[in-house]
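**Q** Let me begin by handing over the structure; questions about it come next.
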Amino acid sequence: MKFKCKQCGITFIGKDKSHKYIYCSRDCHNKSQIGKQTRRFKKIKRKGYWFIYMPEHPNCGKQGYFAEHRLIMEKKLGRYLKSSEIVHHINHNIIDNRIENLMLFGSISEHFKKGHPEIANKLQESYKKWLSNKK
């Protein structure tokens, strides 16, 4: 079958009739991708969390990515989150970013006390032990 390259306009013959060819060569495909944000870079995983490429977001990182769970909470609240605010995953599955699985805490200490009481209790016990050793 004959196809027309989407990049250079040359008519070329494709080998497989069931597949629709768009580009005549890998070079034409690569040229068509220059300046485009390809799909593989739009959403990435870092330290288990999903991040979305959003260079226009005021709180994005140096490379232009922003945490998906924070973005979902911002959309629900209708405002940007403060840097001190923590978004907690209720079921402790950090890739489950459904709004019903997210809870907002005003500070890291509040997050530990209510979201992770087992860690907060251990920290409190070790602090008490440290205080008693100091006396």
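**Q** On full extension of the chain, what length is gained from ILE108 through LYS75, given 0.36 nm per residue of separation minus the C-alpha to C-alpha distance?
**A** Roughly 9.8 nm would be gained on extension.
**Q** Where the only charges are on Cβ atoms (+1 Lys, Arg; -1 Asp, Glu), what is the dipole of the chain about its Cα centre, to the nearest 20 debye?
**A** Dipole magnitude for the chain comes out near 500 debye.
**Q** Same structure again: Taking the Cα centre of the chain as the origin and placing charges on Cβ (Lys, Arg +1; Asp, Glu -1), which of CYS60, PHE112, CYS8 is farthest toward the positive end of the dipole?
**A** CYS8
**Q** For the chain, modelled as a Gaussian network with Cα springs under 10 Å, which listed residue fluctuates most, LYS45, LYS122, LYS114?
**A** Among LYS45, LYS122, LYS114, the largest GNM mean-square fluctuation belongs to LYS122.
**Q** Taking amide hydrogens as modeled 1.01 Å from N in the peptide plane, which residues meet the under 5 Å criterion relative to TYR65, leaving out close sequence neighbours?
**A** MET54
**Q** Round to a whole angstrom and tell me the spacing of the C-alpha centers of region 119-134 and region 75-117.
**A** Measuring centre to centre over Cα atoms gives 26 Å.
**Q** So if R0 is 41 Å, what FRET efficiency would GLU125 and TYR53 give, r being the distance between their Cβ atoms, rounded to the nearest 0.05?
**A** Here the calculated transfer efficiency is 0.45.
**Q** To continue, here is another question. What's the extension gain from LYS31 to GLU100 if we count 0.36 nm per residue and subtract their Cα-Cα distance?
**A** So the chain would gain 20.6 nm between LYS31 and GLU100.
Where a number appears in this text, it was derived from the coordinates with a stated rule and is not lab data. All of these numbers come straight from a predicted model, not from anything done at the bench. Neighbour counts run over all protein chains shown; Cβ positions are idealised from the backbone, glycine included.
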